[in-house]
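The structure under discussion appears below in the form of structure tokens.
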Amino acid sequence: MTFLIQQTIIYAVPLMLIALAGVFAERSGIVNLALEGMMIFGAFTGVLFINIMQKSGAFQKENAMSLMLLTMLICALSGLIFSLLLSFASVNLKANQTVTGTALNMLSPALVLFLINVIANQNVLSMAEGDASAWFMIRKQALGFDATKNYGFFPETFFFKTYPADYICIALFIILSVILYKTRFGLRLRASGENPHAADSLGINVSKMRYLGTGISGALSSLGGFVYVLTTANCSATGDVAGFGFLALAVMIFGNWRPLSIAVTSLLFGVFKCIAAAYSTLDLNGDGRYLLAELGISTNFYRMLPYIITLVVLAFTSKNSRAPKAAGIPYDKSKR
Amino acid sequence: MYNRRALSPLLKNEGMKSLSASLLSIFTGITVGCIIILLVAAFDEKITFSSGLEAVRLILFGIFSKGRDTAGNLIFGFGSNNIGDLLFRATPIIMTGLSVAFAFKTGLFNIGASGQYLTGTAATLIVALSLPEALPSFIRWLFAFLSGMTAGALWGTVPGFLKARFKINEVISCIMTNWIAANLVTWIFESSSFRNGSQSGKIGYIMPTSMKGISTAKLGLELLFPSSQVNAGIFVAVLFAIIVYVILFKTIFGFENRVCGSNAHAAEYAGINGKRKTVLSMAFAGALSGGGASLYWLSGNTEFFWSTYQALPQEGFNGIPVALLASNNPLGVIFTGCFMSSLEVAGQQIKDLTAYNEYITDIIIALIVYLSAFSFVIGQLVFARKKREREGEK
């Protein structure tokens, strides 16, 4: 059970953060299909930064946590810059946002793979020394606890062998959700995505709101991308996150663009993802039998389940969908 | 019945503007790609500046590259194998380009070409590898091709139906169906007997159709382009481009599609059934993508990596720039498809001959897509300014 919960958290946390990234963009009126591309970009800059810092000797294993915090900041910044490509095209040039997003989804892996190949002469960029769990995970020995002793369900599940990065992401998720709903800025952002003309007539700068929304979106998805590879891929960038960004898009739609539903949905999809990744060795109730493996349902089924569910839910709820009304439509003052 | 002439002004031709916009995108994309190469040469001590310049030359003229001479200098010239490979690689992306272009003309963004391509791949390979060998190979080829198209059409129908019936945005449902297809195809092949177990180290691949005696006829192309992979599939792709052109511009069906794409409200007002058009258009687009997959895998010398659940085929996404650059004109797609594959060939040359890698051409392709998302706007601005200047002179 501990294993299942920890694995689920590892998948669910980046998923909810990136889905929230999609929400920020769409609520400001920009459709961000490039979540996947921004993830890939963030994962690359994060791993590259760690790699360089380790090589330069600026950080040792003892202060790995400050390295992690700094890397997360760098990732968010790089994602912010990358997202300017989307906001500039869709706000200033009134480009087709779907095509722009698709272009960024193609650009990011190409650029990342090009650079990784130049830097590392192979398709993978990893940490310069050590591995992710040794550096960035909470470990019993490092904190002076007895490694063989069991400290009870809660510490074992939610403290030891977890990544602090995940908890930072959860905190960010909560703070940003509050900002989106309880502050003046959040209201203005949502107004720009719902009815930009009304917002504009009340003195809200729609272009600025859309730049901010997309910027936050880029920062969050890059950060999420880094946390994803940190926790699931041993902190190595490959120019590929296997459709995780599109899964986040599905979470956003399934969660009806609302943070709380998104958190629940990403837990659900996280469980599917976790089952798909480890179902043959998953012992749910600890009786030594691998129940899911004995059921004989293919791992592929669990992998495609989130997409199918999303389509089905969309079909039933499309009539009362909460999708922002102006998302995807370039704001044109002269059109009423 | 509506008056067709009354709807025609919706469809006025913007040929010149879109051509200049496409050329602008291509030019800018290649320029930025070259700048990236030179920047890397400037900052990376392993790569000299002259090797950066060589890579730039290969981007521009890679299709005429003939390797290096004994002194280590790049040599250029007409290489028939490169041209043949260009045509071979162009075949599937012309088809996916047609698929995207046809959907665009109906006002739909078919981002699901990858999924349709994958289901087409699966159907083609299964049929080609399981039909009894007693049948003549041409009949089996034809069956495999048709089943590829059918599978693609079915897969395209899903987003079309969801859009028509439930008003679900086709972009979202295409993304979902893409990844469903990626997992489904992996699932189908995972424990099948189609995997290539007879050659060592090839179990990750599906048997090439040539093992069952099926490979697309070459029709003398092997004499024209010796030691290349080209086959008659390119003729089929060109034929389909012409068919799509005729359907779009010479039939009522295509006319109605284009009206729906230009102004869905006007189309509905005129009595065109937009829902039916949406489903049919996506089905046809899917059939084209699936057919592209068939042409690629039936060549006999290609092997399908079946564990595809982590990545979607590039051919599907490359259909988008192919269609955009041709401004969705089916005949233009033939040329933009060849252009895209010439970039791919150049990328291969860069990988083989320099310290750089083939992903630089993917960067250029992505940049071109990015630019073509708004180049039309810029093109219009330039035209408007020129017009103002001309009027100012008067």
Looking at A:Ser133, is it closer than 24 Å to A:Pro14 by Cβ and surrounded by fewer than 19 Cβ atoms within 10 Å (Cβ to Cβ)?
yes
Helices (runs of 4 or more DSSP H) lying entirely in segment B:272-354 (those with 1 or more residues that are touching a residue at least 40 places away in the same chain (Cβ under 8 Å), touching a strand residue (DSSP E or B) at 6+ places or on another chain (Cβ under 9 Å) and more than 13 Å from chain A (Cβ to nearest Cβ))
B:274-297, B:330-353
Flag if A:Ala110 is buried (at least 19 other Cβ atoms within 10 Å of the Cβ), among the hydrophobic types (A, V, I, L, M, F, W, C), touching a Phe, Trp or Tyr at 6+ places or on another chain (Cβ under 9 Å) and under 20 Å from A:Ala25 (Cβ atoms)
no
Identify the residue in segment B:244-271 that is on the phi < 0 side of the Ramachandran plot and not in a helix (DSSP H, G or I) and, among all such residues, is surrounded by the most Cβ atoms within 10 Å (Cβ to Cβ).
B:Ala270
A careful count of residues in segment A:151-165 that are over 20 Å from A:Ala64 (Cα atoms) and among the charged types (D, E, K, R) gives 1
In segment B:48-74, the residues that are within 14 Å of another protein chain (Cβ to nearest Cβ) and surrounded by fewer than 19 Cβ atoms within 10 Å (Cβ to Cβ)
B:Thr48, B:Ser51
Go through segment B:204-213 and give me each residue that's aliphatic (A, V, I, L, M) and either surrounded by 22 or more Cβ atoms within 10 Å (Cβ to Cβ) or over 30 Å from B:Gly112 (Cβ atoms) (or both).
B:Ile206, B:Met211
Of everything in segment A:167-212, what is polar (S, T, N, Q) and free of Cβ contacts under 8 Å to residues at least 12 places away in the same chain? Give them in sequence order.
A:Thr183, A:Ser201, A:Asn205
All positions within segment B:223-235 that are closer than 23 Å to B:Gly292 by Cβ and either free of Cβ contacts under 8 Å to residues at least 24 places away in the same chain or within 14 Å of chain A (Cβ to nearest Cβ) (or both)
B:Ala232, B:Phe235
Residues satisfying the stated conditions in segment A:40-54, i.e. more than 14 Å from chain B (Cβ to nearest Cβ) and touching a residue at least 60 places away in the same chain (Cβ under 8 Å):
A:Gly42, A:Ala43, A:Thr45, A:Gly46, A:Val47, A:Ile50, A:Asn51, A:Gln54
Which numbered condition B:Ile111 misses (of (1) away from chain A (no Cβ under 14 Å); (2) buried (at least 18 other Cβ atoms within 10 Å of the Cβ); (3) not in a helix (DSSP H, G or I))
(1)
Subset of segment A:111-149 [in contact (Cβ under 8 Å) with a residue 40 or more places away in the chain and in a helix (DSSP H, G or I)]
A:Leu111, A:Val112, A:Leu113, A:Leu115, A:Ile116, A:Ile119, A:Ala132, A:Ser133, A:Ala134, A:Trp135, A:Phe136
Looking only at segment A:150-165, which residues are touching a residue at least 24 places away in the same chain (Cβ under 8 Å) and either touching a Pro at 6+ places or on another chain (Cβ under 8 Å) or in a loop (DSSP other than H, G, I, E, B) (or both)?
A:Lys161, A:Thr162, A:Tyr163
If you scan segment A:85-110, which residues turn out to be of a type in the set (S, T, N, Q) and in a helix (DSSP H, G or I)?
A:Ser87, A:Ser90, A:Asn92, A:Gln97, A:Thr98, A:Thr100, A:Thr102, A:Asn105, A:Ser108
Quick one: which residue in A:Gly79, A:Gly42, A:Gly57 is of a type outside the set (Ser, Thr, Tyr) and at pLDDT below 90?
A:Gly57
Neighbours by Cβ (under 7 Å, 6+ apart or cross-chain): first from segment A:244-259, touching a residue at least 12 places away in the same chain (Cβ under 8 Å); second hydrophobic (A, V, I, L, M, F, W, C) and assigned to a loop (DSSP other than H, G, I, E, B):
A:Trp257/A:Ala323
Please count how many residues of segment B:137-165 are aromatic (Phe, Trp, Tyr), within 14 Å of chain A (Cβ to nearest Cβ) and surrounded by fewer than 17 Cβ atoms within 10 Å (Cβ to Cβ).
0
Enumeration of residues in segment B:180-203 that are among the small types (Gly, Ala, Ser), within 14 Å of another protein chain (Cβ to nearest Cβ) and surrounded by fewer than 18 Cβ atoms within 10 Å (Cβ to Cβ)
B:Ser191, B:Ser192
Among the residues of segment B:157-173, is any in a loop (DSSP other than H, G, I, E, B), under 19 Å from B:Phe305 (Cα atoms), modelled with pLDDT under 90 and of a type outside the set (Phe, Trp, Tyr)?
no
Lone qualifier among A:Ala76, A:Ala58 - being within 22 Å of A:Met137 (Cβ to Cβ) and not in a helix (DSSP H, G or I):
A:Ala58
Which residue out of A:Ala89, A:Ala103, A:Ala95 is farther than 22 Å from A:Phe244 by Cα, surrounded by 23 or more Cβ atoms within 10 Å (Cβ to Cβ), within 11 Å of chain B (Cβ to nearest Cβ) and under 24 Å from the mean Cα position of the chain (by Cα)?
A:Ala89
Name the residue, out of A:Ser78, A:Ser66, A:Ser108, that is within 14 Å of another protein chain (Cβ to nearest Cβ) and hydroxyl-bearing (Ser, Thr, Tyr).
A:Ser108
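The values are calculated or read from the model by the stated rules, or taken from the named source; none is laboratory data. Remember, it's a predicted structure, so these values are computed and weren't measured experimentally. Reconstructed Cβ throughout: ideal geometry from the backbone, glycine too, with neighbour counts over all protein chains shown.
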